Amino acid sequence: MISTLFTCSKKIALKCSFRQISILNAQRDPFAVTPEAYITTLSDVEENNVDIIKLNPTIFRTTPRIDLLHRNITWQQGYRNLQLTKQLSRAEMPGGGKKPWPQKKTGRHHAGSIRSPHFKFGGFANGVRGPRTWFYMLPDSIRLKGLCTALTIKHAQNDLIIADDFNSINNNDSQFLHDLAEKRNWGYSILFVDKDSNMPTNFVDAVQDIPSFTAIPLYGLNCYSIMKHDTLVFSKQAIEALEEKLVQQFTRTTSHHKKYRYIDYKDVLLGEGEHEEDPIHPPFV
């Protein structure tokens, strides 16, 4: 009996992807509602829905933890700050080695150096001592829950759009994207997400000319960018890959509270963008 069940489950696993299996497992709950979304095409200004896709309720119907979403956004706003200001102390200021006047019989206060903090052009007693960074890493569980909360909010507000493919945009005219967003009531700012960074040239040229439109690959998706833009537009391949990755992270056996040490990632961070060449947007390391 057990071998038969194992064989059947193995056949199902071979036919279904990890994403489809997770959706089937979520549907076992009689009280769970499987969210759905239209798949639209971007070939015309008029809205044209071509299919319906089922979404994972673990990701797009999660309990909205606004506190964890706030922690993700404040973390993203804080960890990139770097303070380079360094105010010199009394010992670091040039000059001031000689006592300005005698200790007594002058009627003036006692002074040992003109670089004391109470002198003009003196050193700072409790000044800013840079460089200083506020970098830290949130636990993976909080980052995953915050990302699912942001996606749930966008889907519940009908601000999550799924396109069949970005290749359907035939020209690089930015006015076409403007008219499309206005006709479909997508709002002022739009975030386009594709599976990887190999996006169509026409699409990238059209988005690049509009400051409020942004196109990013899936690995760059984050809570701050999701909440910053009015509408979130995924390609079908991107939404399937996103569910696959998030479900794998939720069901992984390793700890979600991994310690991130700078020394372990120093070579990766300093070498980021070393082999990238872009004449318009050079990599910032």
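Selection within the stretch 106-146: residues that are out of contact with any Phe, Trp or Tyr (no Cβ under 8 Å at 6 or more places or on another chain) and aliphatic (A, V, I, L, M). The member of this set that is nearest to Ser89 (Cα to Cα) is Ala125. Pick from Val193, Val247: which is under 28 Å from His70 (Cβ atoms), at pLDDT 85 or above and part of a strand (DSSP E or B)? Among Val193, Val247, only Val193 is under 28 Å from His70 (Cβ atoms), at pLDDT 85 or above and part of a strand (DSSP E or B).
Of the set (1) touching a residue at least 24 places away in the same chain (Cβ under 8 Å); (2) of a type in the set (Asp, Glu); (3) open to solvent by 40 Å² or more (accessible area, probe 1.4 Å), all apply to Asp140 but (3). In the stretch 148-179, of all residues being modelled with pLDDT of 95 or more and hydroxyl-bearing (Ser, Thr, Tyr), the one that is farthest from the chain's Cα centre (by Cα) corresponds to Thr152.
Taken over the stretch 55-70, residues that are of a type in the set (Val, Ile, Thr) and open to solvent by 80 Å² or more (accessible area, probe 1.4 Å) amount to 2.
Filtering Leu68, Leu24 for residues that are of a type in the set (A, V, I, L, M) and modelled with pLDDT of 90 or more leaves a single hit, Leu68. Within the set Ile52, Ile73, the sole residue that is among the hydrophobic types (A, V, I, L, M, F, W, C) and surrounded by fewer than 11 Cβ atoms within 10 Å (Cβ to Cβ) turns out to be Ile52. Could you look through the stretch 85-96, keep only residues that are open to solvent by less than 80 Å² (accessible area, probe 1.4 Å) and within 11 Å of Arg115 (Cβ to Cβ), and pick out the one that is nearest to the chain's Cα centre (by Cα)? Top of the filtered list is Leu88. Being open to solvent by less than 40 Å² (accessible area, probe 1.4 Å) and part of a helix (DSSP H, G or I) is the filter here; which residues of the stretch 165-188 pass it? Across the stretch 165-188, the qualifying residues are Phe166, Ser168, Ser174, Phe176, Leu177, Leu180, Ala181. Taking the criterion of being small (Gly, Ala, Ser) and assigned to a strand (DSSP E or B), the only residue of the stretch 147-164 that qualifies is Ala163.
Against the test of being over 15 Å from Arg19 (Cβ atoms) and at pLDDT 95 or above, the options Phe213, Phe234 yield a single qualifying residue, Phe213. Among the conditions (1) in contact with a Phe, Trp or Tyr (Cβ under 9 Å, 6 or more places away or on another chain); (2) of a type in the set (D, E, K, R); (3) under 26 Å from Ile142 (Cα atoms), Asp67 misses just one, which is (1).
The values are calculated or read from the model by the stated rules, or taken from the named source; none is laboratory data. Everything quoted here is computed from the prediction, not taken from an experiment. Methodologically, a virtual Cβ is constructed for each residue, glycine included, from the backbone with ideal geometry; neighbour enumeration extends over all protein chains shown. Ligands, DNA and RNA are stripped out before the accessible areas are found, and what is left, the full protein with its side chains, is counted by its heavy atoms. Shrake-Rupley method; radii C 1.70, N 1.55, O 1.52, S 1.80 Å.
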